[in-house]
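The values are calculated or read from the model by the stated rules, or taken from the named source; none is laboratory data. In this text, all values refer to a predicted model and were calculated from it rather than measured experimentally. So basically every Cβ, Gly included, is an ideal-geometry build from the backbone, and we count neighbours across all protein chains shown.
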Amino acid sequence: MIQEYQTQNTLNPKLWDGDQLKPGLRLKLLKIAKYFYEFLGIDAPVKGIILTGSSVNYNWTENSDIDLHILINYKDINDSIPLVRDYMMAKKSIWNNTYPLKYKGMPIELYAQDENEPHASTGVYCLMCDKWLKVPDPEQVSIDDEEINKKAGPYKYEIDHLSYEDPQLLLKVNSIKRRLKQMRQTGLEAAGEYSVENLAFKELRNTGYLEKLAAMAKDYTYQTLDLGETYADSGLGKWFKEKWVRLDTKGNIKGDCAREGGEGKPKCLPKSKAQSMSKKDRATSAQRKRRKDPVADRPGKGGKPINVKTENFADGKNPGRKGLSKRFGISQKMSIADLERIAKNSTGEKRRMAQWNLNMKRGRMKNEELGEQLNLFLEKNVPNDASKWAYAKSQAKKKFDVYPSAYANAWASKKYKELGGTWGKSK
């Protein structure tokens with residue numbers, strides 16, 4: 001044992017009434033566990049479903065998470081326990097990143113645990129049998145080395161399996177950092193330096209995992225946003241390299257995004273996106289562009305563009321017309337998982353609306369990632385020629401309605417490079 005310390009006088013009131021789970025919570029957690037088990041894709045029988053960690057103990061804080069574990073016998077899957085453990089770590093990582101579930105602000109962390117692993121936690125609650133397996137002591141809590149390893153182990157696995165080839169690397173790194181910060185804060189608030197969460201954090205730091213995490217974020221960001229040779233291959237570079245085409249009100253793809261004499265206001269889209277749309281959808285988008293932005297020639301040099309949504313599937317604001325997404329029961333607030341399920345199991349217009357909203361949500365996530373990458377680059381790098389950078393920014397402010405923004409900053413960075421500007425590391 002490492003340390004014993006005084007804790008809270010009661011169990012977390014978000015979850016417990018005295019020593020009984022809140023009404024209805026048990027069934028909700030069992031439902032989540034059922035979906036997680038199906039997500040694992042295994043045939044091993046479930047031996048138990050338990051709550052463990054600070055959520056079933058007296059060392060909880062406002063930042064505590066809910067450790068929801070499914071118990072299985074790893075040998076029912078394969079005789080190689082390390083192999084099965086790695087598989088379960090991988091599935092845990094994918095699940096928690098894809099479905100960041102919360103209950104009253106508390107993250108729900110799921111894991112498939114070998115039933116033969118000892119329960120080092122002093123509090124363990126069985127959801128399947130609705131009773132305590134280990135009743136926690138309100139006076140003191142003991143922390144075992146094994147508990148520290150269990151807390152740090154999943155993070156070690158996640159960091160070891162990060163790849164520079166993964167386009168979602170920065171999002172995953174930031175997700176790990178955010179969860180580590182919350183984990184440590186939970187421990188420090190509950191029990192100070194000797195909490196299991198803080199000791200797990202120190203274990204990751206002392207074994208070089210935090211340094212590795214920071215280095216990967218730095219290297220990936222610099223590689224992605226380097227305005228030298230790597231710029232053209234980065235996500236931001238693709239914004240400028242991608243071929244854009246214009247649409248007419250009949251849904252035809254007319255060619256480059258440059259209006260010819262006598263044409264009305266064109267609707268411009270990336271060629272790949274335009275080709276993926278039906279002719280009817282292209283016509284609708286172009287017609288809406290003309291309604292919202294009717295002036296073909298704006299006054300002044302480099303008139304600012306007016307951005308118009310490509311489709312009105314979801315907002316339902318057109319007079320006398322309900323949005324198509326709403327008509328088929330598709331909400332913009334749905335999660336990616338829900339949209340994927342509907343798109344997979346539906347047909348016709350409902351499937352198309354689900355797929356469209358799914359593509360839009362994924363696109364927003366990608367844009368947020370690119371914006372985050374660019375902001376990080378601009379924070380860690382400084383222009384070597386302040387006057388050229390100031391000029392580039394002033395031109396971006398004239399060109400774009402919104403500044404700063406990810407796209408406007410990217411345009412300013414490209415302009416600065418065209419002027420001969422270079423970057424240096426900030427001190």
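Answer yes if at least one residue in segment 32-47 is in the same structural domain as P118 (by TED's automatic domain parsing), touching a strand residue (DSSP E or B) at 6+ places or on another chain (Cβ under 7 Å), in a helix (DSSP H, G or I) and not aliphatic (A, V, I, L, M), and no otherwise.
yes
Go through the residues of segment 2-17 one by one and say whether even a single one is surrounded by 14 or more Cβ atoms within 10 Å (Cβ to Cβ), assigned by TED's automatic domain parsing to the domain that holds S195 and free of Cβ contacts under 8 Å to residues at least 40 places away in the same chain.
Yes, segment 2-17 has at least one match.
Say we look at segment 165-185 and pick out the residues that are within 17 Å of the chain's Cα centre (by Cα) and not in a helix (DSSP H, G or I); which of these is modelled with the lowest pLDDT? Lay out the reasoning, then the answer.
Restricting attention to segment 165-185, the residues satisfying the condition of being within 17 Å of the chain's Cα centre (by Cα) are 166-182.
If we keep only those that are not in a helix (DSSP H, G or I) as well, we get 166-168.
Numbers: D166: 79, P167: 76, Q168: 81.
That would be P167.
Condition first: surrounded by fewer than 19 Cβ atoms within 10 Å (Cβ to Cβ) and farther than 18 Å from M88 by Cβ. Now tell me which residues in segment 26-42 satisfy that.
R26, L27, K28, L30, K31
Working only within segment 85-127, note down all residues that are β-branched (V, I, T) and over 13 Å from I70 (Cβ atoms).
Initial filter on segment 85-127 (β-branched (V, I, T)): 94, 98, 108, 122, 124.
Of everything in segment 85-127, those that are β-branched (V, I, T) and over 13 Å from I70 (Cβ atoms) turn out to be I94, T98, T122, V124.
Go through segment 69-120 and give me each residue that's under 22 Å from the mean Cα position of the chain (by Cα), of a type in the set (K, R) and assigned to a helix (DSSP H, G or I).
K91, K92
Return only the number of the condition from (1) buried (at least 18 other Cβ atoms within 10 Å of the Cβ); (2) touching an Asp or Glu at 6+ places or on another chain (Cβ under 9 Å); (3) of a type outside the set (G, A, S) that P45 does not satisfy.
Against the list (1) buried (at least 18 other Cβ atoms within 10 Å of the Cβ); (2) touching an Asp or Glu at 6+ places or on another chain (Cβ under 9 Å); (3) of a type outside the set (G, A, S), P45 comes up short only on (1).
Residue-wise test of (1) at pLDDT 85 or above; (2) among the aliphatic types (A, V, I, L, M).
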position	(1), (2)
L110	yes, yes
V124	yes, yes
D144	no, no
A152	yes, yes
H161	yes, no
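Just to confirm my filter: which helices (runs of 4 or more DSSP H) fall fully inside segment 206-300 and include at least 1 residues that are modelled with pLDDT of 65 or more and crowded, with 17+ Cβ neighbours inside 10 Å? Talk me through it step by step, then tell me what you get.
Values: elements: 209-225, 235-241, 271-276, 279-292.
Once the helices (runs of 4 or more DSSP H) in segment 206-300 are filtered for at least 1 residues that are modelled with pLDDT of 65 or more and crowded, with 17+ Cβ neighbours inside 10 Å, what remains is 209-225, 271-276, 279-292.
If I filter segment 405-421 down to residues being among the aliphatic types (A, V, I, L, M) and at pLDDT 80 or above, which single residue comes out as surrounded by the fewest Cβ atoms within 10 Å (Cβ to Cβ)? So that I can check it myself, show each step before the final result.
Within segment 405-421, the first condition is being among the aliphatic types (A, V, I, L, M), and the residues that meet it are 406, 408, 410, 412, 419.
Narrowing the set further to residues that are at pLDDT 80 or above leaves 412, 419.
Working: A412: 24, L419: 14.
Residue satisfying both the conditions and the ranking: L419.
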